[in-house]
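This report refers to the structure that appears directly beneath it.
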Amino acid sequence: MLSFFSRPMFRLAAVAFVVLSIQMTLGADLKPFGVTADLMLLGATATGAAGGAQQGALAGFVFGLMFDLVLVTPFGISPLVYGLAGFLAGYVRTLMSDPTWWLAVIAVAIASALGSIGLAVVGAFVGLEGQIQPDLVRTALIVGAVNGVLAPLAMPVQRWCLGIRRVIV
Amino acid sequence: MAAPFTRRRALLLLVLTCVLFITLDQRDTGAIGAARSGFSYVFRPFKGMARAVTRPVSNAWHGMTNYDDVERENLLLRDELARQAGNSAAAEAFVRAHNELLTLAQLPTGPNLDHVTAQVIGGTPRDDQQTVEINQGSRRGIRVGMPVVNGAGLIGKVTEVFPDGAVVRLITDSQYVLAVRISCRSTIPGTVDDTVITTPTGIPVGGADPRFATTTPTTTLFDPFATDPTSSSSTTPSTSVPPSTDALQPDDSAVDPFGSDASAVETTTTIPVCERETGSIRGRGKGRSPIVGLLDDDVRTREIVEGDPVISAGGAESLAPQDLPIGRVSRVIERKGTSPEVEIELNADLGRLNFVSVLLYVPASEVNP
């Protein structure tokens with residue numbers, strides 16, 4: 001029984017659940033520069049930056065799936081985009097021969113910003129109106145910046161979740 | 001060589017799974033809805049806990065970031081309050097007089113609906129959807145689809161219900177659609193408004209407006225919570241099609257038509273012929289005004305002007321009763337080859353919702369299918 005609770009997937013789901021609670025309360029309430037922070041996207045990209053592309057994609061899928069269960073937007077958009085964003089963050093990390101913590105932070109920020117744009121694009125693709133707006137880039141930059149600032153906190157948590165050994169110096 | 005292949009395969013699996021989910025959701029199989037509903041029930045207590053834990057952080061944040069705004073707003077509100085105090089006396093007398101006239105003429109007023117007052121306890125969790133969460137649910141009779149209003153008018157509809165809470169999709173959400181009518185502008189006599197020119201009762205407001213065929217329009221007030229047409233409870237003023245009495249002459253403007261001279265006024269009432277445009281309002285997402293797509297592209301459309309009130313159209317299939325105030329026309333967008341569209345400035349400030357009312361309204365088609 002104890003071994004089940006110590007499994008990475010359980011820990012990942014538990015952390016996603018906690019982050020979702022924070023996103024739905026604090027995240028929905030605090031709007032830095034008028035933009036809702038996306039902590040679930042942070043969870044996905046931080047995992048990618050900390051553990052690699054596959055881990056990022058997996059975490060993004062789990063975080064996105066859980067988020068979509070409480071949203072009213074079409075189901076499946078968030079796991080798709082978060083999974084790709086997590087994958088991207090991990091992929092960027094693998095391109096760095098000697099990744100430092102701040103490069104990982106930049107990877108999180110870039111992947112989060114692109115993930116934010118990806119949400120709008122995929123939303124528009126499935127027929128949601130009003131997704132691509134003039135301030136989309138500004139929104140994406142703010143989401144990226146907020147997630148970049150929070151990345152140093154999120155990466156150790158995600159590393160613990162999936163049992164990732166720290167390789168970033 | 002094995003790593004990129006595995007990575008690619010993982011990516012492909014991710015994309016295909018998500019496309020499958022999106023397809024299932026779009027085809028409305030019910031499985032996704034059931035999963036969402038089940039998860040929401042499990043999640044709600046945890047969310048409540050999280051709200052309690054994070055509230056101090058939230059309060060501290062708002063204290064830091066909004067102090068200047070709150071101070072400025074406080075000054076503006078004091079000014080507004082002083083202005084409203086002057087308006088309310090005139091408006092109250094007008095409401096009373098008008099309701100008496102409506103009762104006399106047996107004209108319908110706003111819907112006398114039961115409602116449940118609720119407080120907004122949660123905001124939009126992500127910017128691509130426009131929803132709020134309220135603290136009343138199915139235990140108080142709230143059901144999916146019911147319209148939600150605040151003092152200023154319609155703000156949205158219930159999309160998800162729990163025993164002690166509900167999710168409200170706001171008018172600005174891109175998936176919100178409702179049948180509406182665009183009525184003619186008129187004003188409440190005796191009130192002070194910086195932007196609207198007011199005209200005393202009895203003077204033909206529509207004299208310069210070709211949509212008014214009669215010469216003595218007045219203004220009606222809509223009270224979504226009214227239980228008694230003759231009550232003088234505080235209301236949110238909005239406009240609907242006004243009745244007019246032929247007996248009132250322009251020079252009667254200084255005389256209260258319902259006062260001592262009321263017996264001298266003929267009770268013949270003329271139904272006004274202010275034409276109304278019908279269409280459907282739909283949200284366009286965060287920061288953008290909702291838009292009304294008009295059903296008819298005819299000459300009347302050109303007569304829609306900025307400031308014309310937009311109200312719900314009602315009907316057997318509609319999720320909202322008729323004559324709920326929604327907003328005012330802010331821009332008319334003419335498009336060649338297609339029906340024109342009208343941009344709406346909402347009455348309600350959806351960014352600052354606190355107390356709202358859920359109208360316990362069920363469409364006639366559901367009551368008598």
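Brief remarks on what is shown
- Within straight-line reach of residue A:31, meaning a Cα separation under 21 Å, sit the following lysines at least 8 residues removed in sequence or on another chain: B:47, B:286.
- For residue A:101, the accessible surface of its heavy atoms amounts to roughly 140 Å² (probe 1.4 Å, protein chains only, rounded to the nearest 10).
- Using the Cβ of residue B:314 as centre and a radius below 11 Å, the other residues enclosed give a net charge of -1, where K and R count +1 and D and E count -1.
- Accessible area buried, both sides summed, chains B and A with 1.4 Å probe, Å²: 4400
- The order of B:32, A:132 by accessible area, most exposed first and with a 1.4 Å probe, is A:132, B:32.
- Helix A:101-125 axis, angle to chain A major axis (alpha carbon atoms, nearest 10°): 40
- Accessible area per residue (1.4 Å probe, heavy atoms of protein chains only) ranks B:308, B:28, B:79, B:128 as B:28, B:79, B:128, B:308, with the largest value leading.
- Using Cβ point charges alone (K and R +1, D and E -1), the dipole size of chain A about the Cα centre works out to roughly 540 debye.
- Per-residue SASA remark: residue A:135, around 60 Å² accessible (1.4 Å probe; ligands, DNA and RNA not included).
The values are calculated or read from the model by the stated rules, or taken from the named source; none is laboratory data. Since we're looking at a predicted model, the values are computed, not measured. Because the Cβ atoms are built from the backbone with ideal geometry, glycine has one as well, and the counts that use them run over all protein chains shown. Each accessible area value is taken on the protein alone, full model and side chains, heavy atoms only, with ligands, DNA and RNA left out. Shrake-Rupley method; radii C 1.70, N 1.55, O 1.52, S 1.80 Å.
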